[in-house]
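The values are calculated or read from the model by the stated rules, or taken from the named source; none is laboratory data. Remember, it's a predicted structure, so these values are computed and weren't measured experimentally. Note that each Cβ is placed from the backbone with ideal geometry, even for glycine, and that neighbours are counted across all protein chains shown. Calculation scope for accessible area: heavy atoms of the full protein, side chains included, ligands and nucleic acids excluded. Shrake-Rupley method; radii C 1.70, N 1.55, O 1.52, S 1.80 Å.
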Amino acid sequence: SQQGEEDPQALSIQEGENATMNCSYKTSINNLQWYRQNSGRGLVHLILIRSNEREKHSGRLRVTLDTSKKSSSLLITASRAADTASYFCATGAKAAGNKLTFGGGTRVLVKP
Amino acid sequence: GAVVSQHPSWVICKSGTSVKIECRSLDFQATTMFWYRQFPKQSLMLMATSNEGSKATYEQGVEKDKFLINHASLTLSTLTVTSAHPEDSSFYICSARDFGWTGPGGNQPQHFGDGTRLSIL
């Protein structure tokens, strides 16, 4: 079952702008991961943040985690047309046997 | 590294046909692989966890006799959709965990195949 809820469901921005999407979850987690999915393709792992971490960067990506609010955000800075994709958060929890539970996803369209 | 190959990428077949989908880890060993199903514009729903050398663990509501999983080696898991019907049409994606992962247990990414689009006529 889906644990995460993502907000917004869809986002349309101009190239060069920043894109921010949020993920909320319900139970205790070991980590939270963000994945990208291009249309009709599999998922590409972007970044993993552990439950004891608050912020993590990777290139133009910035992820925050607030375990007290059970929420995370993904920021893509200086977006490019190639960033057009669906973005999913997924939580890993020991209680769930470390299986991933995915959020509903945010569809991002970056217009050139 | 950490490449997962899924085959075929697209299948169109008649109702009643059984369809086999392969998921291979190309450059690492995977004792655990996962099978997901995704409907258009929706998220991934875990169907089952495939364990090398043992029976798969199915999620609630997934018919194990309908979706047969075999994980006979450390690099290959197969999902067979038996007697497929139009309602089985979907995007099926596999993922794998690296057996050689040396980081903290549970804190490793999954590596995904490119998915199989199954269309049953």
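The table that follows gives values for the structure above.
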quantity: Residues being farther than 25 Å from B:Val3 by Cα and hydrophobic (A, V, I, L, M, F, W, C) - total across segment A:26-72; calculated: 2
quantity: Conditions (1) at pLDDT below 95; (2) open to solvent by 20 Å² or more (accessible area, probe 1.4 Å): number failed by B:Arg117; calculated: (1)
quantity: Segments classed as strands (runs of 3 or more DSSP E), wholly inside segment A:54-106, with at least 3 members that are more than 14 Å from chain B (Cβ to nearest Cβ) and buried (at least 21 other Cβ atoms within 10 Å of the Cβ); calculated: A:71-76
quantity: Test result for A:Asn22, assigned to a strand (DSSP E or B) and open to solvent by 30 Å² or more (accessible area, probe 1.4 Å); calculated: yes
quantity: A:Ser28 vs. criteria of a type in the set (Gly, Ala, Ser) and either touching a Leu at 6+ places or on another chain (Cβ under 8 Å) or open to solvent by 50 Å² or more (accessible area, probe 1.4 Å) (or both); calculated: yes
quantity: Single condition B:Gln38 does not satisfy, out of (1) in contact (Cβ under 8 Å) with a residue 60 or more places away in the chain; (2) surrounded by fewer than 19 Cβ atoms within 10 Å (Cβ to Cβ); calculated: (2)
quantity: Members of segment B:41-62 found to be facing chain A (nearest Cβ under 8 Å) and either touching a helix residue (DSSP H, G or I) at 6+ places or on another chain (Cβ under 9 Å) or crowded, with 17+ Cβ neighbours inside 10 Å (or both), listed by number; calculated: B:Ser43, B:Leu44, B:Met45, B:Leu46, B:Thr49
quantity: Residue that is farthest from A:Asn18 (Cα to Cα) [pool: residues in segment A:31-50 that are of a type in the set (S, T, N, Q) and buried (at least 16 other Cβ atoms within 10 Å of the Cβ)]; calculated: A:Asn31
quantity: One residue from B:Lys66, B:Lys20, B:Lys14 being of a type outside the set (S, T, N, Q) and free of Cβ contacts under 8 Å to residues at least 60 places away in the same chain; calculated: B:Lys66
quantity: Output for segment B:41-88, where each listed residue is in contact with a Leu (Cβ under 6 Å, 6 or more places away or on another chain) and closer than 30 Å to A:Val108 by Cβ; calculated: B:Glu59
